[in-house]
Every structure is written in structure tokens, then in C-alpha cells.
1. Considering region 96-129 alone, what residues qualify as being touching a helix residue (DSSP H, G or I) at 6+ places or on another chain (Cβ under 9 Å) and surrounded by fewer than 20 Cβ atoms within 10 Å (Cβ to Cβ)?
2. Quick one: residue 308 ticks every box in (1) within 20 Å of residue 321 (Cα to Cα); (2) buried (at least 18 other Cβ atoms within 10 Å of the Cβ) except a single one, so which number is it?
3. Could you look through region 193-213, keep only residues that are surrounded by fewer than 19 Cβ atoms within 10 Å (Cβ to Cβ) and under 23 Å from the mean Cα position of the chain (by Cα), and pick out the one that is nearest to residue 29 (Cα to Cα)?
4. Of everything in region 31-57, what is part of a loop (DSSP other than H, G, I, E, B) and within 16 Å of residue 121 (Cβ to Cβ)? Give them in sequence order.
5. Quick check on my filter: what residues within region 224-263 are over 18 Å from the mean Cα position of the chain (by Cα), outside any helix (DSSP H, G or I) and exposed (fewer than 13 other Cβ atoms within 10 Å of the Cβ)?
6. Going by the conditions given, is residue 127 more than 16 Å from the chain's Cα centre (by Cα) and in contact (Cβ under 8 Å) with a residue 12 or more places away in the chain?
7. Could you pull out the residue among 86, 90, 18 that is more than 27 Å from residue 306 (Cβ to Cβ), surrounded by 18 or more Cβ atoms within 10 Å (Cβ to Cβ) and in contact with a helix residue (DSSP H, G or I) (Cβ under 8 Å, 6 or more places away or on another chain)?
8. Would you please name the residue that is nearest to residue 108 (Cα to Cα), looking only at residues in region 198-223 that are in contact with a helix residue (DSSP H, G or I) (Cβ under 8 Å, 6 or more places away or on another chain) and in a loop (DSSP other than H, G, I, E, B)?
């Protein structure tokens, strides 16, 4: 199925609920639809491009003067399995949390810690989504898609995706070039629990026996207690990445703020909690018009109704500046600011 519009509102295609407009909007559900559209409308090469999934990690600061391509490919199917593992191919347009729920019920394990993350499956490897000690890269087998430069479809194995913290080849070398159409996940038939992050273990233990469904239920409960539902209050989840800093700076800050959360990272560096840093600067619960910082989680910027992308962006810049001034730490947006 093909849908094509001009001067199209993106309000329902970004979880901030910002009413920005796209000059052109194209949605497809099958790969053949995409190739046919591109071949028949060669002027697309002259347009700015935005590859848009569920819009759950996006801040539209202005209208988009270009072509939005929205892959809405459906489908979930088992493509291979052995005694210990199962490979499941999922269309890019499938809702991420519905897929996680399907996996737990089907007894395909590994993704339960990533429950309730908003967005579509196609965006999961792009962002290398992660939560509660798990990153999706650990379960991605292959990313399938279409290359706008070569006009061919091909598959990229996980080891070539250049996965890093909230990063991948799709945000860099292949940005606005490779359209993800489906993802193949390699999941476990026997659960391997990862409960060391935060209060997750205690929340799971409240539910009795150790079971993946209880892990999912615990993650959902924790997220619902801390994070606003995008369908009720516009937001893009965690707006900033947790900063990774030199050990020397972390030690200096830890001496001044003994209660500051800090975790070992790569190359001897230390990961800090962005939400804690922002909260110490007094932003938690802040509101200016309809742009604000969530009252329960300082890492989340929110749209209380009619905030513009520009107002939300200006608020994010003020938050960054105050953290840099107080702690000497530069925050980096996790959300894609357009």
C-alpha cells in the first residue's frame, strides 16, 4: 500500500506531538511499493530526506521542507530455529513493545528488559535502543533494507552495523540512505536473566518466581512509574544520553558529590546519570508555557499541549548549559533534533 501527501502534518508521527509539516510524505507497506515510487518520481533525489519510523526519538524544531519516507512494513515470522535459539524476522512498521510482548508469550527470550520502549521495530537497530542493562545489538542478527544510493535491497549482518551506545552505522555512514524494511532477531529459548540494573531485581522478586513475564511486568511497572505515556503527554523518552567522561573528572565530581551515580564504561571511562545531573540543577518539574521537564524524571522533556519544537529545543539548550556550568559535563541529545 502507498500513501502520498503534500503539505502533510507530522503531529501524529512524532511522540512529542509537535505540529510540524512535511512538504512531501510517502508511506509504504511493501518493498515493491518503495522501488516503484522512487523509479516513477525521480525528482525525489533533489529533495531533503527524512526516514521516519514511529517518531519516538525525534524533535521537529521546524517544518520539514523535503520528502519524508515512512516505512510501515508489517509482519512477524519465525525464519529459523534450533534447540537453543530462534530467529524472528519483523517488519519495520511493527510496534516495538507489541513485538516484545509477543516474544515473551511465545517464550522467545532476551528482549524483556526492553519492554515499553516506544517506537517501531525499524528504529531499534538504528538507535541501538537499550534499557536496564540490555542493548538491542545483543539480539540483532541481520538488518534488511533498501539503499537509496545504489537503488538495491540487501542485508547487513549485526557485526557490520557498527553498534555503539545509542549509535549505529544507520545514524552515520548510512544516515538518510539505508531504509530499514525488516530486522531479524536471534532470541533465546532458555532465559538468561539480567537484573543487576537499578531496582529491577527487587521489582521482579515482588512478583514471585523468576520468569521472563515477571521481568517484563517489572520493567513496565518501573517505566510507568517514572516515564510519561507519550499518548497522554508528549515526550521522546530520555532526551539526553548518559554522558561518558574521563575517570579523572568523575573522581573529582564524586569527591564533591558522593551520592552521584557513576558506572564503569569503556576504556576506563565512567558513565554518569544525565537525569541526576539535570535534577541537581533544579530542572525537575520545571515548566515554561507548554514546554517542560517531567516531574518524576528529569531526563524527559515534555510537551504539555501546544509547545513548539523551537520552544522544546530552547529548553534543552538551557538544560545543557546549566549542567555544563555546574558540573563541567557536556550533555549530548539522545533525541534526533531536526
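1. 97, 101, 105, 107, 116
2. Answer for residue 308: the failing condition is (1).
3. 213
4. 52, 53, 54, 55, 56, 57
5. 232, 246, 258, 259, 263
6. In short, no.
7. 90
8. 210
The values are calculated or read from the model by the stated rules, or taken from the named source; none is laboratory data. Predicted model, so just to flag it, every value in this text is computed and none were measured. Heads up, the Cβs are rebuilt from the backbone with ideal geometry, glycines too, and the neighbour counts pull from every protein chain shown.
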